[in-house]
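Engineer: This structure is in structure tokens; I'll ask about it shortly.
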């Protein structure tokens with residue numbers, strides 16, 4: 001994928017910030033945000049069925065999908081599924097920062113890395129962790145939950161495991177892993193006073 005295509009892909013990634021922003025700005029309720037995400041996931045799934053099984057061949061797919069996505073679910077669909085899963089499973093306090101880690105930290109990390117499969121460089125992971133910590137800190141979470149959520153998102157961003165020949169994209173794992181980690185931390189770990 002060319003640098004120009006990679007930048008376009010990252011801009012599309014950041015545009016997903018509009019979903020949690022609608023809620024944060026009070027333009028939709030949390031239930032309305034959940035419905036919007038479900039509808040978007042259904043739309044993404046329909047497009048992927050058309051692309052993979054019917055042969056829908058829009059130029060935008062060639063432009064914004066990676067080589068390993070050509071015959072598998074594309075990253076944009078996994079992105080929608082990950083955000084939807086986080087929103088459906090968790091309260092806004094946990095789900096919104098998880099979504100923002102995907103929509104903000106992941107594209108920054110992607111631009112800072114080579115975009116290759118495998119473990120990312122240490123400086124890229126530190127950048128990802130820093131951006132995730134900023135997001136979780138601004139969300140008002142207790143420090144322990146903020147750190148645990150940022151670590152989970154960073155680990156999910158740093159690794160793309162391959163299961164049965166299928167790349168498990170971080171677009172799915174970042175919001176899910178970070179939301180689960182923050183929920184566990186809020187429920188079971190002691191709060192450290194600032």
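Engineer: Search the range 32-52 for residues that are over 17 Å from residue 75 (Cα atoms) and pair each with any residue that is modelled with pLDDT of 95 or more and surrounded by fewer than 13 Cβ atoms within 10 Å (Cβ to Cβ) when their beta-carbon atoms are under 7 Å apart and the residues are at least 6 apart or on different chains.
Structural biologist: Correct list of pairs: 34/88.
Engineer: Given 95, 44, 86, which one is in contact with a helix residue (DSSP H, G or I) (Cβ under 9 Å, 6 or more places away or on another chain), modelled with pLDDT of 85 or more, closer than 18 Å to residue 168 by Cα and crowded, with 20+ Cβ neighbours inside 10 Å?
Structural biologist: Working: 95 fails: closer than 18 Å to residue 168 by Cα; 44 fails: crowded, with 20+ Cβ neighbours inside 10 Å.
So the residue among 95, 44, 86 that is in contact with a helix residue (DSSP H, G or I) (Cβ under 9 Å, 6 or more places away or on another chain), modelled with pLDDT of 85 or more, closer than 18 Å to residue 168 by Cα and crowded, with 20+ Cβ neighbours inside 10 Å is 86.
Engineer: Being under 21 Å from residue 110 (Cα atoms) and not in a helix (DSSP H, G or I) is the filter here; which residues of the range 166-194 pass it? Lay out the reasoning, then the answer.
Structural biologist: Here is the first cut: in the range 166-194, the ones under 21 Å from residue 110 (Cα atoms) are 166-179.
Answer for the range 166-194, where residues must be under 21 Å from residue 110 (Cα atoms) and not in a helix (DSSP H, G or I): 166, 167, 168, 169.
Engineer: Another question about this same structure. Which ones in the range 163-188 are free of Cβ contacts under 8 Å to residues at least 40 places away in the same chain and surrounded by 21 or more Cβ atoms within 10 Å (Cβ to Cβ)?
Structural biologist: The answer is 177, 181.
Engineer: Here is a list: 73, 78, 125, 37. Which entry is within 17 Å of residue 173 (Cα to Cα) and at pLDDT 95 or above?
Structural biologist: On the way: 73 fails: at pLDDT 95 or above; 78 fails: at pLDDT 95 or above; 125 fails: at pLDDT 95 or above.
Within the list 73, 78, 125, 37, the selection yields 37.
The values are calculated or read from the model by the stated rules, or taken from the named source; none is laboratory data. Everything numeric here is computed off the predicted structure, so don't read it as measured data. Glycine also receives a Cβ, built like all others from the backbone with ideal geometry; neighbour counts cover every protein chain displayed.
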